[in-house]
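Beneath this line is the structure, given in structure tokens, with notes to follow.
The values are calculated or read from the model by the stated rules, or taken from the named source; none is laboratory data. For clarity, every value in this text was computed on a predicted model and none was experimentally measured. Cβ atoms come from the backbone with ideal geometry, glycine included; neighbour counts cover every protein chain shown.
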Amino acid sequence: MRGSSLLTLLMLMPAPVVHADDRAALVRLVRQDCGSCHGMTLKGGLGTPLTPQALREKPVESMAATILYGRAGTPMPAWKSMLSEADAEWIAGRLQEGFPEESR
Amino acid sequence: MLTRLIGFILLLLSGCAQLPLRGTGDLGLVIERAAGRVAIVESSSNRILGRVDGLGDLSHASVVFSRDGRYAYVFGRDGGLSKIDLLRQRIERRIMQAGNSIGGAISQDGRLIVAQNYEPGGIKAFDAETLELVADVPATWGSAGQRSKVVGLADLPGQRFAYALFDAGEIRITDLSNPQQPTTQIFAAGRQPYDGLVTPDGRYYLAGLFGEDGVALLDLWQTEQGSRKILADYGRGSERLPVFKMPHLRGWAVAGRNAYLPAVGRHEVLVVDTATWQEVARIPVKGQPVFVIARPDGRQVWVNFAVPDNGWVQVIDTLSSRVATTLQPGKAVLHMEFTPRGEAVWLSARDDNKVSVFDTRNLSRTATLDAEAPSGIFFTARAARIGF
């Protein structure tokens, strides 16, 4: 019962709000700065591939948690000093769909 | 009739190919990584001479030069290896040699180009002339025979190459003096080596460790002694700061008798005496150091940083072991390269779409060049240096 009401609450929560300017900045950050480990095309490098194929099965919340808190024992750093929860969720969601290109 | 025709064709060809005579000692490349393109630059006049495109994914691209300084070999992230003629400003040859690559090296005699790959993990050697594959040395390790990502590839005297295995925690030396029969020595290094360097004299190989504090050191003149750890516990058990970008190591770390190395997870440059390999100083800096590069004469060491501090560059005075100057040369400073004798340094500012040239004596900007999202800068003087 409690579990299901939590679920409803979660479903009622608005999707993460990220404004258009911030979005462009986030796309740049992911392509350029996450790209230093995951590759600009996100096909992987020292970090694992962040392509839709690689991430299809992974829950967005757990990916957002990886982004915010990093992964101990690996080079994946915690980005919470630079990204909000909404940013991380937005990024995780977009990664799963196929991340947007930077507009040049 | 036929000979006449051939003569005519030759005449035509030589007519098209006429190039003004010039050397290449003051030339270089700037990677325009998002565009898959390089700019060919000249440091005597601070100019872009031309551009070559069609080079694929150039994130983390790196370059080595043929020993005559005419050809640049560009290693792309996507496994592309391109040989560029700096004078004709065109691609001579291009191959796809791996799925995911992070750089390469050239042999002592200039005949072999060696790529270091993440996927499939290992090194591959190619004929420098034709880019034909001559040796494939997988970085296989462990009982299950998995392959490790390779980092820190450096050329050594004697047609050998040193590199480190990120996943296996090893340093390996592969001797390619007979490319048909490569032989490899293996040394335990420590947890997660992230990059490596050979000292400018070719004697020591260092692998920086990510998974623990310290640097693995191998004396290449006495490899039977194995690798040992220096700068162990520089973190002194305190919690690490996040590392938003991996530091890069190369022989430019050495200035005089000291080596200047980036700490990992600490905002410090560590100074170690290369005669004793003891720590002699730690210099607090603005952020997580990425490149720590000595001016060729060793009087200054320039440092840039990972995000969010990548708008800063600091200049260390090696006499006093202190930061002498802090500069803000542009947005997202990704790389720095000194001219061969160090009167100038070129800096790429990715988010400003600019390359700036600074006078290293008075630290003023002397030129600015437009380049699209510039990253690495590589001058042909690297052709003559061990480890470049």
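Can you report the number of residues in the range B:313-341 which are closer than 30 Å to B:THR24 by Cβ, part of a loop (DSSP other than H, G, I, E, B) and in contact (Cβ under 8 Å) with a residue 60 or more places away in the chain?
Residues meeting the conditions: 2.
Can you tell me which residue within the range B:334-369, out of those that are within 14 Å of chain A (Cβ to nearest Cβ) and over 30 Å from B:GLN159 (Cβ atoms), is nearest to the chain's Cα centre (by Cα)?
Filtering first and then ranking leaves B:LEU334.
Looking at the range A:35-48, I want the residues that are at the interface with another protein chain (Cβ under 7 Å from one of its Cβ atoms) and have a partner that is of a type in the set (Lys, Arg) and not in a loop (DSSP other than H, G, I, E, B) with Cβ atoms under 6 Å, at least 6 apart or on another chain. Which pairs are those?
As it stands, the answer is A:MET40/A:ARG31, since those pairs meet every condition given.
Condition test on B:ARG240, is it surrounded by fewer than 16 Cβ atoms within 10 Å (Cβ to Cβ), at pLDDT below 95 and within 14 Å of another protein chain (Cβ to nearest Cβ)?
The answer is yes for B:ARG240.
Of all residues being in contact with a strand residue (DSSP E or B) (Cβ under 9 Å, 6 or more places away or on another chain) and in a helix (DSSP H, G or I) in the range B:219-229, which is nearest to the other protein chains (Cβ to nearest Cβ)? Just the residue, please.
Filtering first and then ranking leaves B:THR223.
Quick one: in the range B:230-273, which of the residues that are of a type in the set (Ser, Thr, Tyr) and assigned to a loop (DSSP other than H, G, I, E, B) is nearest to the chain's Cα centre (by Cα)?
Filtering first and then ranking leaves B:TYR234.
Keeping to the range B:274-312, report how many residues are of a type outside the set (Ser, Thr, Tyr) and part of a loop (DSSP other than H, G, I, E, B).
19
Do the conditions hold for A:ALA86, that is, is it over 24 Å from B:MET246 (Cα atoms), more than 9 Å from chain B (Cβ to nearest Cβ), surrounded by 14 or more Cβ atoms within 10 Å (Cβ to Cβ) and more than 9 Å from the chain's Cα centre (by Cα)?
Yes; evaluated as a whole, the condition is true for this residue.
Tell me which of these A:ALA92 doesn't satisfy, since it passes every other one: (1) in contact (Cβ under 8 Å) with a residue 24 or more places away in the chain; (2) within 23 Å of B:LEU58 (Cα to Cα).
Going through (1) in contact (Cβ under 8 Å) with a residue 24 or more places away in the chain; (2) within 23 Å of B:LEU58 (Cα to Cα) one by one, A:ALA92 breaks only (2).
Pairs needed: first member in the range B:218-245, within 16 Å of B:GLY190 (Cβ to Cβ); second member anywhere, aliphatic (A, V, I, L, M) and surrounded by fewer than 18 Cβ atoms within 10 Å (Cβ to Cβ); C-beta distance under 9 Å; at least 6 residues apart or different chains.
The qualifying pairs are B:GLY226/B:ALA188; B:SER227/B:ALA188.
Just to be sure I understand, how many residues within the range B:361-384 are of a type in the set (S, T, N, Q) and surrounded by 19 or more Cβ atoms within 10 Å (Cβ to Cβ)?
Residues in the range B:361-384 being of a type in the set (S, T, N, Q) and surrounded by 19 or more Cβ atoms within 10 Å (Cβ to Cβ): 2 in total.
Which of the strands (runs of 3 or more DSSP E) found entirely inside the range B:24-122 contain at least 2 residues meeting this: small (Gly, Ala, Ser) and within 14 Å of another protein chain (Cβ to nearest Cβ)?
Because the criterion is at least 2 residues that are small (Gly, Ala, Ser) and within 14 Å of another protein chain (Cβ to nearest Cβ), the strands (runs of 3 or more DSSP E) in the range B:24-122 that meet it are B:100-106.
Condition first: touching a Leu at 6+ places or on another chain (Cβ under 9 Å) and either among the hydrophobic types (A, V, I, L, M, F, W, C) or more than 30 Å from A:ALA72 (Cβ to Cβ) (or both). Can you find one or more residues in the range B:232-245 that meet it?
no
Identify, by number, the condition in (1) within 26 Å of B:ALA281 (Cα to Cα); (2) within 14 Å of chain A (Cβ to nearest Cβ); (3) of a type in the set (Gly, Ala, Ser) that B:GLY214 doesn't meet.
So B:GLY214 meets the others, but not (2).
Quick one: which helices (runs of 4 or more DSSP H) lie wholly within the range A:18-104 and hold at least 3 residues that are not small (Gly, Ala, Ser)?
The helices (runs of 4 or more DSSP H) meeting that bar are A:20-28, A:52-55, A:60-69, A:85-97.
Give the residues of the range A:49-83 that are surrounded by fewer than 22 Cβ atoms within 10 Å (Cβ to Cβ), more than 10 Å from chain B (Cβ to nearest Cβ) and β-branched (Val, Ile, Thr), sorted by residue number.
Within the range A:49-83, A:THR51, A:VAL60, A:THR66 meet the criteria.
Return yes when B:ALA349 is out of contact with any helix residue (DSSP H, G or I) (no Cβ under 7 Å at 6 or more places or on another chain) and closer than 19 Å to B:ALA294 by Cα and no when it is not.
Judged against the criteria, B:ALA349 is not a match.
How many of the residues making up the range B:190-211 are away from chain A (no Cβ under 14 Å), assigned to a loop (DSSP other than H, G, I, E, B) and either at pLDDT below 95 or closer than 26 Å to A:MET76 by Cβ (or both)?
Counting residues in the range B:190-211 that are away from chain A (no Cβ under 14 Å), assigned to a loop (DSSP other than H, G, I, E, B) and either at pLDDT below 95 or closer than 26 Å to A:MET76 by Cβ (or both) gives 1.
A quick yes/no check of all residues on (1) of a type in the set (A, V, I, L, M, F, W, C); (2) more than 17 Å from B:VAL74 (Cα to Cα); (3) modelled with pLDDT of 95 or more; (4) surrounded by fewer than 18 Cβ atoms within 10 Å (Cβ to Cβ):
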residue	(1), (2), (3), (4)
B:ASN100	no, no, no, no
B:GLY104	no, no, yes, no
B:GLU132	no, no, yes, yes
B:TRP141	yes, yes, yes, no
B:ASP155	no, no, yes, no
B:ARG160	no, yes, yes, no
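Does any residue of the range B:87-96 turn out to be farther than 17 Å from B:GLY152 by Cα and buried (at least 21 other Cβ atoms within 10 Å of the Cβ)?
no
Can you give me the number of residues within the range B:123-164 that are of a type in the set (A, V, I, L, M, F, W, C) and either free of Cβ contacts under 8 Å to residues at least 12 places away in the same chain or outside any strand (DSSP E or B) (or both)?
Qualifying residue count, the range B:123-164: 4.
Among the residues in the range B:181-189, are any surrounded by fewer than 16 Cβ atoms within 10 Å (Cβ to Cβ), small (Gly, Ala, Ser) and either farther than 25 Å from B:ALA72 by Cα or within 14 Å of chain A (Cβ to nearest Cβ) (or both)?
Among the residues of the range B:181-189, at least one is surrounded by fewer than 16 Cβ atoms within 10 Å (Cβ to Cβ), small (Gly, Ala, Ser) and either farther than 25 Å from B:ALA72 by Cα or within 14 Å of chain A (Cβ to nearest Cβ) (or both), which makes the answer yes.
Return the total of residues in the range B:304-333 being more than 14 Å from chain A (Cβ to nearest Cβ) and either loosely packed, with under 14 Cβ neighbours inside 10 Å or not aromatic (Phe, Trp, Tyr) (or both).
Looking only at that region, the number is 18.
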